[in-house]
Each structure stands twice: as structure tokens, then as C-alpha cells.
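Written out below as C-alpha cells is the structure these notes cover.
Just so it is clear, none of the values below were taken in a lab; they were calculated from the coordinates. Please read all numbers here as calculations on a predicted model, not as lab measurements. Note that we place each Cβ from the backbone using ideal geometry, even for glycine, and neighbour counts take in every protein chain shown.
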Amino acid sequence: MKHPNLHIKTKLPNTGTTIFSIMSALANEEKAINLSQGFPGFKIDSKLTKLVAKYMDDGFNQYAPMTGVPKLCEAISNKVTKLYGTTYSAEKEINITSGATQAIYTAIAAMIRENDEVIIFDPAYDCYAPAVTLHGGIPVFINLLEPNFEINWDEVKKRVSQKTKMIIINSPQNPTGSVWTAHDIHQLEKITAGTDIIIISDEVYEHVIFDRLDHESVTKSEELASRSFVVYSFGKTYHATGWKMGYVLAPEELMKEFRKVHQYNVFTSNTPIQHAFADYMQNENKYLKLPDFYQKKRDVFRKSLEGSRFKVLNCSGSYFQLLDYSDITDEIDTEFAIRLTRESKVASIPISVFYNNAPKQTLLRFCFAKKESELKKAAEILCSI
């Protein structure tokens, strides 16, 4: 149906259906092993689902407080203090959100005005730039340095200007699997010192970090914490991405602005699930043992690829592994990803879609948050190519 006199001018002219939806649909159509979209391919702990059911049965089915269920905010505050040494007020500096993406969008909506510049490191998770554009901001893209996808801090210094309102960072990083070091934290401290620059730190994979590396959260830095929205995901930590539950930390003055938007954005988040997470978080091993849990999957996938024509890149965090296919074909990554799904029945994500202006690359992203049997089967297929 089309209205003859209705003329719509899109606010996102370069945006269509996301590659995640496209590749997952193609994987389903082709009955392929889906290592494209980043969701766990195994069941969550039945103790957690039973807790949700309990709170539903107990009548916790109406609106939660706009800021979140108090006992859950207290549990988060205690966890952050214990892990990172910084205390956030459960009442004034923590807010439960309907997923990490909502938290990021709301923080951008609260802070970005017309012509504000926002630095984004490419390749980047695809929700950052559209949210900036929708609110009149100007994304400033800086490509990470291959092969380890590190930040070129000299370039960052050159690109920061009087118009720079925000820098969005992500560690462990999606899609590359790179992680920040203490050096990166120090460089960001120096660049932002004495400015009004706001940080959004996307730390949803905080517990998916390998080889005994420490997660360098901005909450460890007093200088950065005082200017940052720090975003986390219950879905990534507890294998429940479909529940769309996350939270954000920010100093009181920033949180006040966040809540002004949040109350009209979603107002509140799922009540029984909040109560369930508050109880479930008391078992610290559920997140403290997560690095070993996912490293085993990463290592199984990588070892199973030995002898293949794919080059395995470094992966220090997240549950994504990049593979270089330059010894197999010179096809562009989008074409090869589609052909791999159709002909070999293994679905991945081409890395070029995470860039504003992609360099010439031959890289695909594979999600290893799956059953080990599925990872071995996928690797066996990849080794036959």
C-alpha cells in the first residue's frame, strides 16, 4: 500500500536490514551451521529460568522502578566494587536497561546535539553510528590498525577537535576480539583530560576474555569513570541474549541526563527477570568462571582449524574469531560469506559491514558461542575448502 501524497525523507538513507538478519535468514534457508549472529547456541542454566518463573508466580509482573529493582542495582554495585575497585551508588549511578543496545542509544540521545562529533573506532558494532546520526551528530571514523586491531593514538589526537563531544570505545571488541591494555586507558586519560568529552564504554564482553588477561574497564580509572557511561549485558554474561537485559553505570550528573531520556524511551525493564538476576548474581562463579568456559570453546574451534587454508587471527576476548581467507579466494568478503553459506553450509559475517569505509580485507567473523560438537563440525567443513 502506498499513499499517493505521502513523501518520506529518511533519516538513515544508507541503512537497510542488518547483515545479522540477512545472514541468519540465509543460514536458516540453507540449513547451514550458523556461526554468524552472536548468540549462544546452548541452553541457559535451568536455575535461572526457575527463578524467573518463581517471581512470575509470586506476582512480580507489574512495572519495576524506572531505575531498576533496588536489590539488583545493589548486587551490581557490589560486583563492580569487588572487581574494579570503584563504587557506584545503587540508587543514583546505576540503571537497568532493556539490553545494552538500548543503553548505548539512550546515552547518545541524552548527550548528542546537532553537529557534535563522535569518534568511533572501525570496525565497530553497527548500532553506534546510526544512533549518532539520528540525533544530528557527526560520526568520525578511525580505523583500527591491523593485524591486531589496535588504536592509533596519534591519529586520535589529530582527529579530536573542539567539536568532539563523545568517544565510543568497546573492549573486548566486537567484531575483532581485540582487548584494551593499561596503555590504552592511559592514552584515553591524556586525550580527554581537561575537556568536556564524554565516553561510552561498551563492556558487554567483560567476562569473555582469555589467556589470563585482565579486563581494563574504564571504571578502574577515576579520570575516565567520571566522564563515562559504562554499558554491560546480562544477556552476554548469562547466555540469555533474547531477554534483552543490560545496565549502565555513570556518575550522578550524567545519570540524571540518561534517565531523562530513559523514562520516555522504555521507562522500565522486565520485572521478574530483574528479581531473578538479583538472586542469581549471588553466585559469583557464574561470571568468574566464564573466561575459562569460553576459552575452551575458542581453543576447540581454533585447534580444529589446524591444517585448513584459513589463517586464524588473534582473539583475546569476545566470542568471535576472525579468519583470513586470502589463500582461498580473492572474492570480496560479502560474496564469499554468502557462497560459504550456500555451498559449504557454514554461515559467518563479513567484516567489511562493520566499517564506514572498509579497507581491502579478506576477513570473516565466526561466533564460537556454540556447542563444541557444532564447532568441530563447522571446522571440519572449513578444513575441506
Q | Of 92/157; 54/236; 82/303; 47/297, pairs whose Cα-Cα distance is over 26 Å | A | 92/157; 82/303
Q.
For region 304-368 and region 155-226, what is the centre-to-centre distance using only Cα atoms, to the nearest Å?
A. 26 Å
Q) Which translational diffusion coefficient, to the nearest whole µm²/s, is obtained for the chain from the Stokes-Einstein equation, given a Kirkwood hydrodynamic radius over C-alpha pairs, 37 °C and 0.692 mPa s? A) 151 µm²/s
Q) Once the dipole of the chain is set up with Lys and Arg at +1 and Asp and Glu at -1 on Cβ about the Cα centre, which of 34, 383, 358 lies farthest towards its positive end? A) 34
**Q.** Extension gain from residue 91 to residue 152, taking 0.36 nm per residue of separation minus the Cα-Cα distance
**A.** 18.2 nm
Q: Determine the calculated [θ] at 222 nm for the chain from helices alone, applying -39500 (n - 2.57) to every DSSP H run no shorter than 4 residues and normalising by the residue count; nearest 500 deg cm²/dmol.
A: -11000 deg cm²/dmol
Q) So, in nm, how far is label residue 385 from label residue 162 when the simple model puts each one 7 Å beyond its Cα toward the Cβ? A) 5.1 nm
Q) Counting DSSP beta bridges with both partners in the chain, what percentage is antiparallel, nearest 5? A) 50 percent
Q) When DSSP assigns beta bridges and you keep just the ones with both residues in region 62-283, what percent turn out antiparallel, to the nearest 5? A) 30 percent
Q. Size of the dipole of the chain about the Cα centre, Lys and Arg at +1 and Asp and Glu at -1 on the beta carbon, nothing else charged, in debye to 20?
A. 880 debye
Q: Just tell me which aspartates and glutamates come within less than 17 Å, Cα to Cα, of residue 260; anything on the same chain fewer than 8 places away is out.
A: 91, 93, 252
Q. To the nearest 20 debye, what charge dipole does region 62-283 have about its Cα centre, counting +1 at the Cβ of each Lys and Arg and -1 at the Cβ of each Asp and Glu?
A. 500 debye
Q | Given charges at beta-carbon only (K, R positive; D, E negative), |dipole| of region 179-219 in Debye | A | 100 debye
Q | Under the Karplus curve 6.51 cos²θ - 1.76 cosθ + 1.60, θ = phi - 60°, whole-Hz ³J(HN,Hα) for region 275-283, x wherever Gly or Pro sits | A | 4, 5, 5, 4, 6, 5, 5, 5, 8
Q: Order these peptides, 274-281, 332-339, 59-66, by their mean beta-carbon neighbour count within 10 angstrom, highest first.
A: 274-281, 332-339, 59-66
Q | Gain in span if fully extended, residue 335 to residue 113, counting 0.36 nm per residue against the direct Cα distance | A | 76.2 nm
(Q) Run through region 42-119 and list the trypsin sites (Lys or Arg not before Pro) located in a DSSP loop whose Cβ has at most 16 other Cβ atoms within 10 Å. (A) 43, 92, 113
(Q) Could you check the spin-label model distance between residue 44 and residue 195? Points 7 Å from the Cα along Cα→Cβ, value in nm. (A) 3.8 nm
